[in-house]
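> Sharing a structure here in structure tokens format.
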Amino acid sequence: MERPVPFISRVRLKNFKSIAECDVRLGPLTVLTGPNGSGKSSFLQALALLGRAVSTTPEEAIAELGGLSAIVRRVPEPAESFSIDIEAAVPRGPGREERAPVSYGFGIGAARGGRAFEVLRETCQLRWAGRGWRFEADHGAVHDESPGSPVPALEPGRLYLSAAGTRAAFAPVLAALAGIRSYSFALDTLRQPSRPAAGAVLGSRGEHLGDVLSALAAARPDLKDRIDAYLHAVTPGIKRIDARSAGGYMTVAFRASNGSEFGPDEISDGTIHAAAVLAALFQPAASDGRIPLTGNDNPETTLHPAATAALLDALTEASEHAQVIVTTQSPDLLDREDLDASIARAVSMNHGLTVIGKVDRASQRIISDGLCTLGELMRGSQLSPEPRARATRPQA
């Protein structure tokens, strides 16, 4: 079976939290493996910041992570700016099956004149049907090579893509980047009833789980059935999960194999967390293209080790219609003899700096020869990034 084209194929970060510099290739499904505190979550946070910055403003995106000082690298010496650059393929054409290559990125750093920060530079280049479109901004000065493009005055803390995205050439770029979602579920949020929300998009902490399940039951019962099937595989005593509406609020109910029904407060942490992971993967917005990429931080949290095989199957299936990136520190998730080592990116911490790269070649050979699984190497602390990734040094 031919693998789908990933939305984002390459990510380059500089001075983002503990990541001094990285250049990471991504596939339809990418699993970042490494010990707790190695910086895996920082990679997902960078992608989430990218999506929030273009869909709202850099100010809102940066504030959600605690401000510029909480984002830029601090060791071995503090940096003054960070940058995010990606290479991607966005849907174009009538059927949206064809993809146009695009590169986009920006750098944000400390500003003068009382402002908290400013956009130091921003670039975008897109090619489609033999034509090319490009713009770049340098400290607010914009050069847009698109024919007849009006260049609005650009405030120091704004991104030009927000304006360029109103035009046909750049609209798919803006829509795709704005659709990035990253999830780190909170159990109290998942158990809390919420007001109905339009769009049936799962919130980053698990908000609107009931809305997502309700929308799937109405419009995509096939995907709802997949969630129920995987949930039953993860927790055999549970047959399905459904949306419930009461007093103007949405919540969920779990139906057991014996017919009993349980509310979100009566179910185990692992079961409700697994339900949220599955909803994120199969939600309507991920299947219809509104969410081209989902990130999930430690999706195996609180799961019994025996249930991780079903979770990996769900991640793999979901990556056929939207790109999936997950972090894990669980060897059990990767303890499969048929697992392709190319989906893994090893993450380690070296003198306070995060290193991310392909699994080193020695480990790849061990896996391909059938001597060990990815999980077994991880369990023995033998998974390391390839030497080229380990050679990365911080740059200001």
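> Output the 0 to 90 degree angle, nearest 10, between the alpha-carbon long axis of helix 40-55 and the longest principal axis computed from the alpha carbons of the chain.
Relative to the chain, helix 40-55 is tipped by roughly 60 degrees.
> Moving to a separate point now. Defining a contact as two alpha carbons under 8 Å apart and six or more residues distant in sequence, what relative contact order in percent does the range 289-396 show? Could the numbers behind the result be given before it?
Numbers: 133 pairs, mean separation 26.8, N = 108.
Across the range 289-396, relative contact order equals 25 percent.
> Then there is this: Counting only C-alpha contacts under 8 Å and six or more residues apart, can you give the relative contact order of the range 181-291 as a whole percent? List each step's numbers first, then the result.
Numbers: 183 pairs, mean separation 33.2, N = 111.
With pairs under 8 Å counted, the relative contact order is 30 percent.
> Where the centroid of each part is defined by its Cα atoms, how far is the range 272-333 from the range 338-363 in Å?
Answer, in whole Å: 20.
> Oh, and also: Fully extended, how many nm does the chain gain between residue 218 and residue 197 (0.36 nm per residue separation, minus their Cα-Cα distance)? Please list the in-between numbers first.
Details: separation 21, 0.36 × 21 = 7.56 nm, distance 1.53 nm.
Fully extending the segment from residue 218 to residue 197 adds 6.0 nm.
> Follow-up question, since we're still on this one. I'd like the orientation of helix 209-219 relative to the chain: the angle between its Cα long axis and the longest Cα principal axis, in ° from 0 to 90, rounded to 10.
Tilt of helix 209-219: around 80 degrees.
> Also, I was wondering about something else. State which stretch of the chain is the longest one without any exposed trypsin sites (Lys or Arg not before Pro), exposure meaning a DSSP loop state and at most 14 other Cβ atoms within 10 Å.
116-396
> Once R0 is set to 41 Å, what does the formula 1/(1 + (r/R0)^6) return for the Cβ-Cβ distance between residue 155 and residue 129, expressed as a FRET efficiency to the nearest 0.05?
FRET efficiency, residue 155 to residue 129: 0.80.
> By the gyration tensor of its Cα atoms, with a ≥ b ≥ c the square roots of the eigenvalues, what is the shape of the range 181-291: rounded for a/c under 1.5, prolate for a/b over b/c, or oblate?
Rounded.
> Based on the Cβ-Cβ distance from residue 266 to residue 342, what FRET efficiency comes out when R0 is 35 Å, to the nearest 0.05?
That pair, residue 266 with residue 342, gives E of 0.25.
> Hey, if you put +1 on the Cβ of every Lys and Arg and -1 on every Asp and Glu Cβ in the range 181-291, which of 267, 197, 237 ends up farthest toward the positive end of that dipole?
The one lying farthest along the dipole's positive direction is 197.
> Compute the distance in nm between two label points, each set 7 Å from the Cα along the Cα-to-Cβ direction, one at residue 225 and one at residue 256.
Label-label distance for residue 225 and residue 256, simple model: 2.7 nm.
> Taking neighbour Cβ counts within 10 Å as the exposure measure, how do 378, 250, 349 sort from fewest upward?
If I rank by nearby Cβ atoms, fewest first, I get 349, 250, 378.
> On to the next question. In degrees between 0 and 90, to the nearest 10, how far off the longest principal axis of the chain does helix 308-318 point, with axes built from Cα atoms?
50 degrees
> Can you tell me which lysines have their Cα less than 21 Å from the Cα of residue 14? Leave out same-chain residues fewer than eight positions away.
Candidates past the 8-residue exclusion: 40, 358.
> Additional query: For the chain, give the share of DSSP beta bridges that are antiparallel, in percent and rounded to the nearest 5; count only bridges with both residues there.
For the chain, the DSSP antiparallel bridge percentage is about 80.
> Given axes a ≥ b ≥ c from the Cα gyration tensor, I'd like to know whether the range 1-134 is rounded (a/c under 1.5), prolate (a/b larger than b/c) or oblate.
In terms of gyration-tensor shape, oblate.
> Can you sort 22, 372 so the residue with the fewest Cβ neighbours within 10 Å comes first?
372, 22
> Ok, one more. In the neighborhood of residue 160, defined by Cβ-to-Cβ distances under 11 Å, what is the net charge if each Lys or Arg adds +1 and each Asp or Glu adds -1?
So the environment of residue 160 carries a net charge of -3.
> Let me ask something else. Around residue 88, under 13 Å between beta carbons, what's the net of Lys plus Arg minus Asp minus Glu among the other residues?
+4
> What value, in deg cm²/dmol to 500, does the helix sum -39500 (n - 2.57) over DSSP H runs of n ≥ 4 give at 222 nm once divided by the residues of the chain?
-8000 deg cm²/dmol
> So for the chain, averaging the separation of alpha carbon pairs under 8 Å that are six or more residues apart and normalising by length, what relative contact order in percent results?
Normalised by residue count, the contact order of the chain is 19 percent.
> Assign one of three labels to the range 267-385, namely rounded, prolate or oblate, based on the Cα gyration tensor with a ≥ b ≥ c the square roots of its eigenvalues; rounded applies when a/c is under 1.5, prolate when it is not and a/b is larger than b/c, and oblate otherwise.
Values: a/c = 1.71, a/b = 1.55, b/c = 1.10.
Prolate, since a/c reaches 1.5 and a/b exceeds b/c.
> Let me ask another. Please report, in debye to the nearest 20, how large the charge dipole of the chain is about its Cα centre when each Lys and Arg carries +1 at its beta carbon and each Asp and Glu carries -1 there.
Computed charge dipole of the chain: roughly 760 debye.
> Determine the dipole magnitude for the range 181-291: charges of +1 sit on the beta-carbon of Lys and Arg, -1 on that of Asp and Glu, nothing else is charged, the reference point is the Cα centre, and the result goes in debye to the nearest 20.
Numbers: 12 positive and 12 negative charges, 43 e Å.
With Lys and Arg at +1 and Asp and Glu at -1, about 200 debye.
> Compute the separation of the alpha-carbon centres of the range 56-94 and the range 97-120 and state it in Å as a whole number.
If you average the Cα positions of each part, the centres end up 8 Å apart.
Values in this text are rule-based calculations from the coordinates and carry no lab data. Keep in mind that this is a model prediction, so the values were computed, not measured. Cβ sites come from the backbone with ideal geometry, for glycine too, and all protein chains shown count toward neighbours.
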